[in-house]
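Asker: Dropping the structure in here first, questions after.
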Amino acid sequence: MLTAGIITIGDEILIGQVVDTNSSYLSRALGTLGIKTERMVSIGDDARTIYDTLDAAIRDYDIVLTTGGLGPTKDDITKEVLRKLSGSEGYKEDKGQLAMVYEILHARGLDVLDSNKGQALVPDKAEVIVNKRGTAPIMVFRIENAAQKRQDSPAAVGSTLYALPGVPYEAIAALDDILNDIRAHYPLDHIQHKTVMTYGIAESALAQRIADWEDALPESVHLAYLPNPLTGVRLRLSAYGCDDPALLEDCMKGLRPLIKEYLYSEEDTDLPTVIGTLLKQKGLTMSAAESCTGGTISQMMTSVPGCSEYYLGSVTSYANSVKENVLGVSEEIIEQYGAVSSECVAQMAEGVRRLTGSDVSVATSGIAGPGGGTPDMPVGLVWIGVCTPFGTKTFRHIFKNDRARNIERFAAIALNHLRQEILAL
């Protein structure tokens with residue numbers, strides 16, 4: 001199996017000023033080709049550190065990807081390190097990238113400075129993939145003798161180092177070209193992936209439930225647990241070095257009955273997308289009334305392209321006066337039961353459905369924290385109401401997280417209840 005190392009370069013990463021999202025995108029992309037990422041590391045803008053780290057990486061891995069340090073300013077020193085590392089004697093101008101520099105800057109109404117032109121200069125041993133989104137080129141270095149130091153490598157061509165810009169918009173846009181280059185130069189193993197999305201069960205409980213099934217998986221199949229508060233626990237089945245298209249489906253036959261009440265998709269997706277698909281299939285529309293989630297449900301639903309076909313709108317009824325005057329929650333309900341109650345969310349859901357004319361609706365009211373809780377109504381308590389043409393149901397949950405995480409969990413569990421009620425229609 002081909003192996004890879006990913007190195008992120010930049011002091012801004014180390015001090016926490018910028019979050020490294022590039023590595024996860026790059027690793028996932030490599031995985032689609034059957035390439036195993038064995039190391040991800042972030043390093044600062046120090047020439048010696050960059051040189052030593054990259055030198056070790058090309059000895060250890062078939063594919064090395066770097067991001068960052070390729071800009072026009074003095075702290076961008078990666079290009080010069082790459083010149084020395086590759087044994088290049090000097091620089092050459094890449095006409096394709098230079099043309100792109102002019103095109104991008106002129107489109108922005110900016111003058112092309114010498115520092116901008118300099119970005120099209122690359123070490124003379126570099127191959128160039130033109131960066132169509134930015135001014136710094138993607139540089140490719142082929143290290144022919146590296147494979148001699150990795151006797152178990154299936155690659156006869158040595159290591160290849162791809163140097164990408166650090167801006168995620170630019171790095172991710174270059175992935176297709178990089179993957180095509182890898183395909184052209186390396187023998188690739190067969191790899192299969194299957195994603196299973198679950199919600200409503202904790203990772204530990206899920207692992208216990210499917211333990212016997214997991215233990216019985218073929219040796220070539222690997223299982224990963226990937227929990228997320230907004231999407232639930234994602235299970236990823238991967239089969240390496242196998243060209244049998246039925247292998248993962250055979251594995252799924254034993255898994256589905258074990259998790260059927262928690263399984264909401266067999267694709268790498270999320271609750272808003274699945275709900276949107278269900279609504280379109282059934283010809284339904286939805287709306288939301290949010291108190292404690294403060295518009296999170298609306299934001300999640302409207303992040304899906306084409307949501308205007310089924311999502312009508314929402315009311316963020318944080319204040320009791322808005323619950324009463326806009327949604328029609330009775331004053332007596334709030335006085336007798338409180339805003340965080342089954343009775344209140346039921347009327348909130350019914351009110352927003354009536355107000356918008358939607359077929360189904362969901363409502364939330366809870367205590368996100370950190371304050372506001374009581375022994376009877378603790379921080380993390382949420383009531384959820386779901387209204388359909390066949391009536392209204394309410395659900396109670398308690399989570400024990402900080403405010404931000406509680407809000408995420410409130411919104412996600414509300415959408416999951418809505419999904420289940422739509423399925424029943």
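Asker: In the list G68, G31, which residue meets the criterion of being under 30 Å from A239 (Cα atoms), within 30 Å of the chain's Cα centre (by Cα) and not β-branched (V, I, T)?
Answerer: Going through G68, G31 in turn, just one is under 30 Å from A239 (Cα atoms), within 30 Å of the chain's Cα centre (by Cα) and not β-branched (V, I, T): G31.
Asker: Output the residue which, of all residues in region 233-279 that are assigned to a strand (DSSP E or B) and not small (G, A, S), is farthest from Y199 (Cα to Cα).
Answerer: Y240
Asker: Regarding region 395-402, can at least one residue be identified that is surrounded by 15 or more Cβ atoms within 10 Å (Cβ to Cβ), of a type in the set (V, I, T) and either farther than 22 Å from N228 by Cβ or modelled with pLDDT of 95 or more (or both)? Quick ask: steps written out before the conclusion?
Answerer: At the first step, the residues of region 395-402 found to be surrounded by 15 or more Cβ atoms within 10 Å (Cβ to Cβ) are 395, 397, 399, 401.
Pick out the ones that are also of a type in the set (V, I, T) and you get none.
No, region 395-402 contains no residue that is surrounded by 15 or more Cβ atoms within 10 Å (Cβ to Cβ), of a type in the set (V, I, T) and either farther than 22 Å from N228 by Cβ or modelled with pLDDT of 95 or more (or both).
Asker: Go through region 124-153 and give me each residue that's assigned to a strand (DSSP E or B) and modelled with pLDDT of 90 or more.
Answerer: Filtering region 124-153 for residues assigned to a strand (DSSP E or B) gives 127-129, 138-143.
E127, V128, I129, I138, M139, V140, F141, R142 - these are the residues of region 124-153 that are assigned to a strand (DSSP E or B) and modelled with pLDDT of 90 or more.
Asker: Moving to a separate point now. Would you mind telling me which numbered condition in (1) surrounded by fewer than 16 Cβ atoms within 10 Å (Cβ to Cβ); (2) under 20 Å from I201 (Cα atoms); (3) small (G, A, S) A414 fails?
Answerer: It is condition (1) that A414 fails.
Asker: So which of D11, D62, D20 is buried (at least 18 other Cβ atoms within 10 Å of the Cβ) and over 23 Å from I143 (Cα atoms)? It would help to see each step written out before you state the result.
Answerer: Working: D11 fails: buried (at least 18 other Cβ atoms within 10 Å of the Cβ); D62 fails: over 23 Å from I143 (Cα atoms).
Among D11, D62, D20, only D20 is buried (at least 18 other Cβ atoms within 10 Å of the Cβ) and over 23 Å from I143 (Cα atoms).
Asker: Where in region 159-224 are there helices (runs of 4 or more DSSP H), lying fully within it, with 2 or more residues that are under 25 Å from D270 (Cβ atoms) and of a type in the set (D, E, K, R)?
Answerer: Details: elements: 168-173, 175-185, 203-209, 211-215.
So the answer is 203-209.
Asker: Return the total of residues in region 364-387 being buried (at least 20 other Cβ atoms within 10 Å of the Cβ), of a type in the set (V, I, T) and over 17 Å from T296 (Cα atoms). Give the derivation first.
Answerer: Narrowing region 364-387 to residues buried (at least 20 other Cβ atoms within 10 Å of the Cβ): 364-369, 379-387.
Then keep just the ones that are of a type in the set (V, I, T); that gives 364, 367, 379, 382, 384, 386.
Going one step further and asking which of them are over 17 Å from T296 (Cα atoms), we end up with 379.
Result for region 364-387: 1.
Yes or no, residue by residue, for (1) acidic (D, E); (2) closer than 28 Å to Q192 by Cβ; (3) in contact (Cβ under 8 Å) with a residue 24 or more places away in the chain:
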residue: S27; (1), (2), (3): no, yes, no
residue: G34; (1), (2), (3): no, yes, yes
residue: E38; (1), (2), (3): yes, yes, yes
residue: S42; (1), (2), (3): no, no, yes
residue: I58; (1), (2), (3): no, no, yes
residue: T66; (1), (2), (3): no, no, yes
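Asker: Any idea which residue in region 154-173 is modelled with the highest pLDDT, counting only those that are touching a Pro at 6+ places or on another chain (Cβ under 9 Å) and surrounded by 21 or more Cβ atoms within 10 Å (Cβ to Cβ)?
Answerer: Checking each candidate, the answer is A163.
Asker: Can you tell me which residues in region 174-194 are of a type in the set (D, E, K, R) and either closer than 14 Å to L65 by Cβ or modelled with pLDDT of 90 or more (or both)?
Answerer: D176, D177, D181, R183, K194, listed by residue number.
Asker: Can you tell me which residue within region 213-224, out of those that are in contact with a helix residue (DSSP H, G or I) (Cβ under 9 Å, 6 or more places away or on another chain) and loosely packed, with under 15 Cβ neighbours inside 10 Å, is modelled with the lowest pLDDT?
Answerer: S220
Asker: I've got another one for you. Considering only residues of region 366-388 that are touching a residue at least 60 places away in the same chain (Cβ under 8 Å) and among the β-branched types (V, I, T), which is farthest from S287 (Cα to Cα)?
Answerer: I367
Asker: So for region 366-384 (the condition being more than 18 Å from T293 (Cα to Cα) and either hydrophobic (A, V, I, L, M, F, W, C) or assigned to a helix (DSSP H, G or I) (or both)), does at least one residue qualify?
Answerer: Taking region 366-384 first, the residues more than 18 Å from T293 (Cα to Cα) are 374-376.
Okay, now just the ones that are also either hydrophobic (A, V, I, L, M, F, W, C) or assigned to a helix (DSSP H, G or I) (or both), so none.
No, because not a single residue in region 366-384 is more than 18 Å from T293 (Cα to Cα) and either hydrophobic (A, V, I, L, M, F, W, C) or assigned to a helix (DSSP H, G or I) (or both).
Asker: Right, next: Among the residues of region 97-114, how many are closer than 18 Å to L164 by Cα and either exposed (fewer than 15 other Cβ atoms within 10 Å of the Cβ) or without any contact (Cβ under 8 Å) to a residue 40 or more places away in the chain (or both)?
Answerer: Of the residues in region 97-114, the ones closer than 18 Å to L164 by Cα are 97-98, 100-101, 104.
Next, from what is left, pick out any that are either exposed (fewer than 15 other Cβ atoms within 10 Å of the Cβ) or without any contact (Cβ under 8 Å) to a residue 40 or more places away in the chain (or both): 98, 100-101, 104.
Number satisfying all stated conditions: 4.
The values are calculated or read from the model by the stated rules, or taken from the named source; none is laboratory data. Here the structure is a predicted model, which is why all the values come from computation and not from measurement. Cβ atoms come from the backbone with ideal geometry, glycine included; neighbour counts cover every protein chain shown.
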